[in-house]
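Let me begin by presenting the structure, written as structure tokens, before commenting on it.
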Number of protein chains: 2
Amino acid sequence: MEKKTISPAVIRRLPRYYRYLGELLDQEVEGISSYELSKRMHSTASQIRQDLNNFDNFGHLGYGYNVKNLRDKIGEILGLDQSRNLIVIGAGHLGQAIANYAQFERMGFTLTGLFDINPDLAGKEVRGIPILMLDDLDRFALEHRVDIAALTIPKSAAQSVARRLTGLGVPAIWNFAHVDLEVGEKTVVENVHLSDSLMELSYNLMSRSRDSK
Amino acid sequence: MEKKTISPAVIRRLPRYYRYLGELLDQEVEGISSYELSKRMHSTASQIRQDLNNFDNFGHLGYGYNVKNLRDKIGEILGLDQSRNLIVIGAGHLGQAIANYAQFERMGFTLTGLFDINPDLAGKEVRGIPILMLDDLDRFALEHRVDIAALTIPKSAAQSVARRLTGLGVPAIWNFAHVDLEVGEKTVVENVHLSDSLMELSYNLMSRSRDSK
């Protein structure tokens, strides 16, 4: 595949396209114009054309985009055509919520392991996957390919577990701990900082109520 | 307070400043220069000065910023000096994870209600808050001030519950459902789309491995 530099802003919008196109498919819509799509997505048609022109083969046909082709293509760009093994470290409520998302499986992410340090959880199953103890992580990672590790553990433990994961060659960390991990450049990290999101909501709530005074 | 237009990019960075300053406070650091802060945050000193110059009273003193004052000020800008009542709709794993974050409480967000439609959960308590049935929502919202409702329910139910919440005058929705809600302009919505985040991770994982070939 040819290497292209696509702006992170465009990449961040692709999952949303993927989601809307999936909804259109569910509604059995076969083709859609950039204008119709822009109305649904509260975007502009020119933004959509501009975004999708970053990639090959998205040519705007007479009647618009072929929904299935476009969605498949975006899925391919996002790597969703490949199957990825996902482990979850931290089997508390958040870890179990992630382990239970059937949707992720449909996107190609298969839950293959679930770890905790609480011995009361040892051997309990979530969707048929037994909870292992964190001590078993090294052995597990040697025996199974792990593509992504979701970290749903407290901030205090996250950094050391992240280092351990990179040492084991796990290429990607989906980090829910309230800390920015220090890992090498070779490791891909995607953060979900719930507190940051709540603070942003708080700011918007405050400025909204100030504006309406 | 004087109205100023601050770019959304700056606002999005403020929670991260707040977090790092909190860590410095925990380490009993009293003052910090923009240079030292930039090293910790993997940012640049000029970026930090530029961001913080958007607000009053962040004057860069001789020895740097006073950590506590700066953190308090950012907290104030983010509205964290005000107490907010938070309800959670959907008492599954994700809802219970959110209900259990003690950290949110420290930031001024108090869990006051937890709702579900599963009768098996009725009356169970999470941190002393009994789970109510969704049918009780209207009565609850009339009797208690609700500032923020976290929606941790399936996509299929999210839109109708969001409409009901806006009808009840709830000003802000923290949406975890995999859908963009259609609500009036008066309602503040902050989305946490976990699937989108996982797709972004997938993209980065793929482009990283492509680059290393």
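The values are calculated or read from the model by the stated rules, or taken from the named source; none is laboratory data. All of these numbers come straight from a predicted model, not from anything done at the bench. Here the Cβ positions follow ideal geometry from the backbone for every residue, glycine too, while neighbour counts run over all protein chains shown. Accessible surface is based on the protein model in full, side chains and every heavy atom, while ligands, DNA and RNA are left aside. Shrake-Rupley method; radii C 1.70, N 1.55, O 1.52, S 1.80 Å.
Which residues' amide hydrogens lie under 5 Å from the amide hydrogen of B:Phe109, considering only partners 5 or more residues apart or on another chain, with H built in the peptide plane? Counting only residues 5 or more places away or on other chains, the set is B:Arg84. Think of the protein assembly as shown as a dipole: +1 on every Lys or Arg Cβ, -1 on every Asp or Glu Cβ, centred on the Cα centre; then among B:Leu24, B:Ala177, B:Leu52, B:Leu52 lies furthest on the positive end. What separates the Cα centres of the range A:124-146 and the range B:170-213 is a distance of 28 Å.
When A:Gln27 is represented by a point 7 angstrom out along its Cα-to-C-beta vector, the spacings to that point in the other copies are 5.1 nm, nearest first. A quarter of the convex hull surface defined by the alpha-carbon atoms of the range A:8-77 gives 4.1 nm² as the mean projection. Across chain A, the relative contact order, built from alpha-carbon pairs under 8 Å that are at least six residues apart, equals 13 percent. Among residues of chain B, the one whose Cβ lies closest to the rotation axis carrying chain B onto chain A, together with that distance rounded to whole Å, is B:His93, 2. Placing unit charges on each Cβ (+1 for Lys and Arg, -1 for Asp and Glu) gives the range B:87-152 a dipole about its Cα centre, and among B:Thr110, B:Gly123, B:Val146 the Cα reaching farthest toward its positive end belongs to B:Thr110. For the range A:84-196, the spread of Cα coordinates along the three principal axes comes to 34, 32, 30 Å, biggest extent given first. Residue by residue along A:106-116, Cβ atoms of other protein chains within 10 Å of the local Cβ number 1 on average. Using a 1.4 Å probe over protein heavy atoms, the accessible area lost on pairing A with B, summed over both chains, comes to approximately 6300 Å². Taking chain A as a Gaussian network of alpha-carbon nodes connected by springs under 10 Å, the highest mean-square fluctuation of the residues A:Tyr17, A:Tyr65, A:Tyr203 belongs to A:Tyr203. Here chain B has an Rg and Dmax of 20.4, 61 Å, counting Cα atoms alone. Largest GNM mean-square fluctuation among B:Ser83, B:Ser202, B:Ser160, using chain B with Cα springs under 10 Å: B:Ser202. Considering only A:Gly108, A:Gly79, A:Gly184, the Gaussian network model of chain A with Cα springs below 10 Å gives its largest mean-square fluctuation to A:Gly184.
Residues in the protein assembly as shown average 48 Å² of solvent-accessible surface per residue, probe 1.4 Å, ligands and nucleic acids excluded. Short-range pairs are left out: with C-alpha atoms under 8 Å and at least six residues apart, the relative contact order of the range A:84-196 is 24 percent. With the charge dipole of the protein assembly as shown set up from +1 on Lys and Arg Cβ and -1 on Asp and Glu Cβ about the Cα centre, the Cα lying farthest toward the positive end among the listed residues B:Leu168, B:Leu78, B:Leu94 is that of B:Leu78.
Expressed as a whole percent, the accessible area of the protein assembly as shown that falls on carbon and sulfur atoms is 48 (1.4 Å probe). P(r) tail, the protein assembly as shown: Cα-Cα pairs separated by more than 38 Å, 26% of all pairs.
Phi-derived couplings, Karplus 6.51 cos²θ - 1.76 cosθ + 1.60 at θ = phi - 60°, listed residue by residue for the range B:106-123: 5, 8, x, 9, 9, 6, 10, x, 9, 10, 8, 10, 7, x, 5, 8, 3, x Hz, with x used for Gly and Pro.
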